[in-house]
Amino acid sequence: MKDLKSQVCLLLVLSLFLIGCQRGEQIPLGKVAGKVTLNGKPLGEGRITFSSSEQGVAAMASLNSDGSYVIETPLRLGEYQAAVAGPAPPLDNWVPGEPLPPPLPTPIPKKYWDVNTSELAYIVKEGKNQVDIDVLQ
């Protein structure tokens, strides 16, 4: 019986040690913030998306009235494509299974709406990343 208690205690101590060791392994991340302008003037309405097919992640933020934005979710390091689109259409009356409502009118050229056509690519590095984008008409 005494041997069994010793073995259980040893197993418990080893388990706690292994759990503690695994906590120290953290994935390096980057925070992204910046400002979006349209022909050099702040774009006060819209949203920005960062997407990485390499990482399998995407994150979005709404633009503030001065064109600034903050991606709240830290991103894994690597290359991301960005897209800038107008404000999302209201979904108050949308019924699942029906087509989505058309986008709201926006001065942003359509090529910037999609990460595959925008030609906006950025490297996210560890720590803070300031990504300012000037969309051209």
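What the table below lists for this structure:
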{"item": "Single residue of region 62-103 satisfying the filter (of a type in the set (S, T, N, Q) and over 24 Å from PRO28 (Cα atoms)) that is modelled with the lowest pLDDT", "result": "ASN93"}
{"item": "Residue tally, condition free of Cβ contacts under 8 Å to residues at least 40 places away in the same chain and of a type in the set (Ser, Thr, Tyr), over region 77-117", "result": "2"}
{"item": "Hits in region 23-38 - residues which are part of a loop (DSSP other than H, G, I, E, B) and either of a type in the set (D, E, K, R) or modelled with pLDDT of 95 or more (or both)", "result": "GLU25"}
{"item": "Failed criterion for LEU120 (all others in (1) touching a residue at least 60 places away in the same chain (Cβ under 8 Å); (2) within 21 Å of GLN55 (Cβ to Cβ) hold)", "result": "(1)"}
{"item": "Output for region 72-108, where each listed residue is assigned to a loop (DSSP other than H, G, I, E, B), hydrophobic (A, V, I, L, M, F, W, C) and within 26 Å of ASN39 (Cα to Cα)", "result": "ALA88, LEU104, ILE108"}
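A quick yes/no check of all residues on (1) among the polar types (S, T, N, Q); (2) surrounded by fewer than 13 Cβ atoms within 10 Å (Cβ to Cβ); (3) within 13 Å of ASP132 (Cα to Cα); (4) touching a helix residue (DSSP H, G or I) at 6+ places or on another chain (Cβ under 8 Å):
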position: LYS35; (1), (2), (3), (4): no, no, yes, no
position: ILE48; (1), (2), (3), (4): no, no, yes, no
position: GLY56; (1), (2), (3), (4): no, yes, no, no
position: PRO74; (1), (2), (3), (4): no, no, no, no
position: LEU77; (1), (2), (3), (4): no, no, no, no
position: LEU91; (1), (2), (3), (4): no, yes, no, no
position: PRO99; (1), (2), (3), (4): no, yes, no, no
position: THR106; (1), (2), (3), (4): yes, no, no, no
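The values are calculated or read from the model by the stated rules, or taken from the named source; none is laboratory data. Quantities reported herein were computed from a predicted structural model and do not represent experimental measurements. Every residue, glycine among them, receives a Cβ derived from its backbone with ideal geometry; neighbour counts consider all protein chains shown.
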